[in-house]
Every structure is written in C-alpha cells, then in structure tokens.
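Taking it in order: structure first as structure tokens, then the write-up.
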Amino acid sequence: MRKTWGGRFQKATDPQVEAFTESISFDHRLGPFDIEGSIAHVKTLVKAKLLTPGEGKKLVAGLQKVKKLLAAGKLPLDSSLEDIHTAVEKALTRLVGPLGGKLHTGRSRNDQVATDMRLYLRHAVIEAVEAATGLVEVLANLAFQERDTLMPGYTHMQRAMPITLGHHLAAYAFMLVRDIDRFLTTWDRADALPLGSGALAGTNHPFDRAYTAKLLGLNSVMMNSLDAVSDRDVYVDFLAAAATTQMHLSRLSEDLILWATHEFGFIEMDDAFATGSSLMPQKKNPDVAELVRGKAGRVFANLIGLLTVLKGLPLSYNRDLQEDKHFVFDSTDTVVGSLKTMTGFLSTVKFNQEKMEEAADQDLTLLATDLADVLVKSGLPFRQAHEVVGEVVRYSIEHGKRLQDLSDHEFQRFSKVFPKGTAENLSAHQSIHQKKAVGGTSPQNVMAQAGLLQEQVVLVKKHLSQLRGK
C-alpha cells in the first residue's frame with residue numbers, strides 16, 4: 001500500500017522497518033478521538049472556505065460511518081496502514097472517493113496526534129477519577145462504620161498508640177481525594193488545542209482555531225506551533241498523578257497484606273478476591289493486593305520512561321514521541337484496574353474487630369504516651385514525664401503487666417506526681433476519645449472525616465457529570 005508520504009521515495013519500505021515503525025497495533029484506541037478531531041477539522045475547513053458546505057457534509061457523514069466501522073471492529077487495522085490516522089483517512093476515501101484526500105488539508109500528523117492524545121487524556125482522566133471516587137466512597141463508608149473499632153496504630157511497624165480502624169481507612173481516602181485533584185488538574189492542562197499548528201510552523205490557511213477548539217470542547221488554543229506539536233508535559237502530569245495514585249494503592253495493599261496474615265489476623269478476605277496454592281490446600285493468598293502493590297513498579301516506570309524519552313529531544317517533533325502512547329495507555333489501564341479491583345476487595349473484606357481490639361487493649365505498653373500526659377497534666381515537664389514513663393514501661397515489660405494494671409503504689413515508685421487512681425483513667429477506649437482536636441482519632445472526629453469525604457464524593461461526581469458534557 002502506497003504511503004501517504006511516499007511521493008519522494010522510489011523504494012518500498014523494508015518489511016522490518018515497517019514492522020518496527022508502525023503504531024497502529026497500539027494507537028488504534030485513539031480512533032474515536034481521531035475521528036472527533038477530523039470532524040472538527042472538516043468544519044474548520046468549511047469555515048475557511050477550503051471546502052464547500054456540501055463537501056463538508058459528505059466528509060462528516062463519511063467519518064461517522066468510519067466511526068461505526070471502528071466500533072463494530074470492521075475497520076482495517078493492518079500494519080501497512082502505519083497508524084490510526086492513516087487507517088481512518090484510507091477508510092474515508094474508500095467511502096467518499098477522491099474527496100477524502102481533502103481531509104488532510106492544512107493538517108500534519110504532528111498536530112493531529114497531539115490533539116488526539118489530549119482528547120484521549122480527558123477520557124482517561126474521567127476513567128481514573130470515576131474509579132478513584134468509587135474507592136473513596138467505599139473507604140468513607142467503612143470509616144463511618146468502623147469509627148469505634150479499636151486497633152493499634154503503628155510507626156516503624158511497631159505498635160505506637162491506640163487508634164480506630166475508621167481513622168486508619170479514612171487516611172487512605174484523603175490520599176485518594178488528593179489524587180483525584182491531581183487528575184482533574186491534568187484535565188485542565190489538557191484543555192488546549194494543538195490542531196492548526198501544522199507540522200511545526202503553523203498553516204498558510206485562514207483557520208479559526210478558536211472555532212475548532214470550541215467544537216472539541218477545549219477552552220483555548222496552544223499559542224506556539226513548535227510547542228504544540230512537541231509538548232508532552234500534560235502526559236507527564238497524567239503519569240505523575242497515576243504514579244502517585246498507584247503508590248497510595250500499594251501502601252494500602254501492604255497494610256491489607258499484613259492484616260491478612262495469621263500473625264495479625266485483622267481481616268478475612270472474601271473468597272472472590274483471594275486465590276489459593278496449587279500445592280498447599282490450606283492457603284488463601286492476598287494475590288489481589290500483592291498485584292496492586294507489584295503494579296506500582298510498572299506505573300512508576302512509565303513516568304520515568306516518558307521523561308527519559310523527552311529529556312534529549314530538540315524542537316520540534318521527533319519520532320521518539322511515538323513512544324509516549326505505550327506509557328500513557330498502560331498507566332491508564334493499570335491504575336484504573338487497580339482502583340476498581342481494590343474497591344471490590346474492600347467492599348467484601350471482613351474486619352476482625354475482636355482481634356483488633358484485643359491487640360490494642362492487651363498490649364502492655366500501648367498507653368505509654370497517655371501515661372506521660374497524665375504527668376504533664378499534673379505539672380511535670382514533658383521531657384521529664386517521658387523519662388519517667390520510659391522507666392515505668394521497662395518495669396511493665398519485665399513484670400508482664402499492662403500499664404493500666406499497675407497499682408498506685410507501683411506508679412509512685414517512679415514519681416510522686418502520679419495521682420491516685422492513675423490506672424483507672426488508662427484505657428485504649430479512653431485514649432481514642434481524648435483525641436478530640438481536629439484530625440484526631442476520636443470517633444466524633446472520624447465521623448466528621450467520613451462526612452467530609454462523602455461530601456467530596458458528591459462534589460466530584462457532579463464535576464464528572466459536567467466534564468462528560470464537554
């Protein structure tokens with residue numbers, strides 16, 4: 001098949017080169033966006049009087065037929081077509097005849113693919129935000145349900161202070177809310193039109209680029225043609241948002257993997273979201289969470305991969321930029337799939353509240369900070385209180401007694417500042433209820449956090465509805 005650029009060439013492309021340079025095997029998913037951009041381009045050509053209204057109607061009707069062929073899986077996508085842009089143009093020409101050759105007037109594949117990718121990114125942002133919002137909603141509901149469920153909080157993977165399960169889960173929800181904001185910022189940065197920039201220097205034709213942008217629901221046009229065809233910053237922004245989201249999912253997965261162990265025993269995974277062993281009949285493995293954790297490496301690599309491609313490119317367009325699609329498509333699929341899978345996992349998991357509460361309540365020294373605060377409230381400087389309680393902790397461990405089980409006499413051995421009845425005011429439940437300052441782990445605070453998260457879900461869903469209308 002003759003190439004769209006083959007006029008100055010006397011020899012056919014080597015088959016190995018053709019296979020090496022083609023992109024249709026992966027950029028075919030840009031098809032709907034390419035057709036959308038082409039329809040807008042046709043209307044712009046009509047407005048510039050480069051096509052008659054009749055020609056414009058015929059081309060638009062032809063493109064809509066091509067779109068149906070694509071959706072039905074009937075559009076030829078063999079490697080000789082090189083890329084999706086050529087596939088669409090060739091199919092259109094078969095439908096409308098030589099008129100199809102006018103479609104590419106004033107347009108380069110450079111500004112064409114840059115436009116297609118920005119339209120695709122908006123679609124990818126909606127997918128990612130929708131999936132993340134679903135997980136935030138599940139986490140917010142769980143935070144509310146588990147606002148009173150005691151568990152140990154950890155630092156350095158060592159038990160530190162009592163918290164609630166709801167507080168722990170809400171922390172991940174707030175991370176995802178920030179991730180949603182990052183994705184939505186990417187939408188805003190993608191909201192500018194490259195089309196009309198030509199190959200690199202602009203076009204000789206009187207295109208109304210603001211009109212084209214309006215047809216595509218874009219708010220502005222890119223003001224420098226060199227920048228328009230070679231810029232991939234917005235893809236980097238998207239990949240960075242995806243990498244951060246996947247990192248958060250990996251951290252959540254790590255907690256769930258630990259909690260699923262016999263040593264923790266904090267959760268029971270639903271059978272539908274766990275796997276077994278081909279050799280050991282007793283196994284119930286957290287493969288879902290492990291894969292989400294493992295896929296973080298892919299998403300991180302995609303970000304670094306694109307940055308590496310871009311770092312040495314002179315202006316303007318270079319074929320290296322064809323590689324951008326692998327990174328963007330893979331990260332979209334991976335992060336959206338991970339978000340949806342984790343939503344299902346958490347929607348079905350069972351929390352062992354008794355085991356969590358036992359871990360918090362029976363720990364010998366989990367209330368050490370609360371004990372230090374008793375001394376602080378009695379007038380002892382915190383640094384002195386810290387030292388005194390450290391000695392009490394050592395005594396507690398040596399004698400196998402919880403801090404709240406020590407007698408007044410035992411407390412008095414370490415400091416006369418300890419008031420009578422100190423142990424009576426020490427409990428994991430009382431500890432969490434005292435954390436009333438905004439952001440703390442008290443059930444009232446967790447309820448407020450869950451409410452705020454649910455409000456965010458409503459706002460994001462409303463915003464998504466507006467974006468889909470563009």
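The values are calculated or read from the model by the stated rules, or taken from the named source; none is laboratory data. Worth saying up front: this structure is predicted, and the values here are computed from it rather than measured. Backbone-built Cβ (ideal geometry, glycine too); neighbour counts: all protein chains shown. The protein model used for the area step is the full one, side chains on, heavy atoms only, and it has no ligands, DNA or RNA in it. Shrake-Rupley method; radii C 1.70, N 1.55, O 1.52, S 1.80 Å.
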Anything in region 224-242 that is in a helix (DSSP H, G or I) and either open to solvent by less than 10 Å² (accessible area, probe 1.4 Å) or modelled with pLDDT under 95 (or both)? List them, or say none.
228, 229, 234, 235, 238, 239, 241, 242
Of the residues in region 190-223, those that are part of a loop (DSSP other than H, G, I, E, B) and without any contact (Cβ under 8 Å) to a residue 12 or more places away in the chain come to 223
Count of residues meeting criterion [assigned to a helix (DSSP H, G or I) and open to solvent by 10 Å² or more (accessible area, probe 1.4 Å)] in region 137-148
6
Which residues, counting only those in region 37-57, are open to solvent by 10 Å² or more (accessible area, probe 1.4 Å) and closer than 18 Å to residue 110 by Cα?
39
Scan region 243-268 residue by residue and report those that are open to solvent by less than 30 Å² (accessible area, probe 1.4 Å) and among the polar types (S, T, N, Q).
245, 246, 250, 253
Scanning region 392-438 for residues that are assigned to a loop (DSSP other than H, G, I, E, B) and open to solvent by 60 Å² or more (accessible area, probe 1.4 Å), the one farthest from residue 372 (Cα to Cα) turns out to be 438
Residue count for region 431-468, restricted to those that are out of contact with any Leu (no Cβ under 9 Å at 6 or more places or on another chain) and either among the basic types (Lys, Arg) or over 24 Å from residue 137 (Cα atoms) (or both):
8
Of the residues in region 58-78 that are modelled with pLDDT of 95 or more and open to solvent by less than 40 Å² (accessible area, probe 1.4 Å), the one that is farthest from residue 102 (Cα to Cα) is 70
Of all residues in region 269-322, how many are more than 30 Å from residue 202 (Cβ to Cβ), open to solvent by less than 80 Å² (accessible area, probe 1.4 Å) and touching a helix residue (DSSP H, G or I) at 6+ places or on another chain (Cβ under 6 Å)?
13
Quick one: which of 134, 97 is surrounded by fewer than 23 Cβ atoms within 10 Å (Cβ to Cβ), touching a residue at least 12 places away in the same chain (Cβ under 8 Å) and either more than 30 Å from residue 428 (Cα to Cα) or over 30 Å from the mean Cα position of the chain (by Cα) (or both)?
134
Only one of 161, 175, 151 is part of a strand (DSSP E or B), open to solvent by 10 Å² or more (accessible area, probe 1.4 Å) and in contact with a helix residue (DSSP H, G or I) (Cβ under 6 Å, 6 or more places away or on another chain); which?
161
Any idea which residue in region 200-219 is nearest to the chain's Cα centre (by Cα), counting only those that are open to solvent by less than 40 Å² (accessible area, probe 1.4 Å) and of a type in the set (Gly, Ala, Ser)?
217
Inspect region 69-77 for any residue being without any contact (Cβ under 8 Å) to a residue 60 or more places away in the chain, in a helix (DSSP H, G or I) and more than 37 Å from the chain's Cα centre (by Cα) and give the result as yes or no.
no
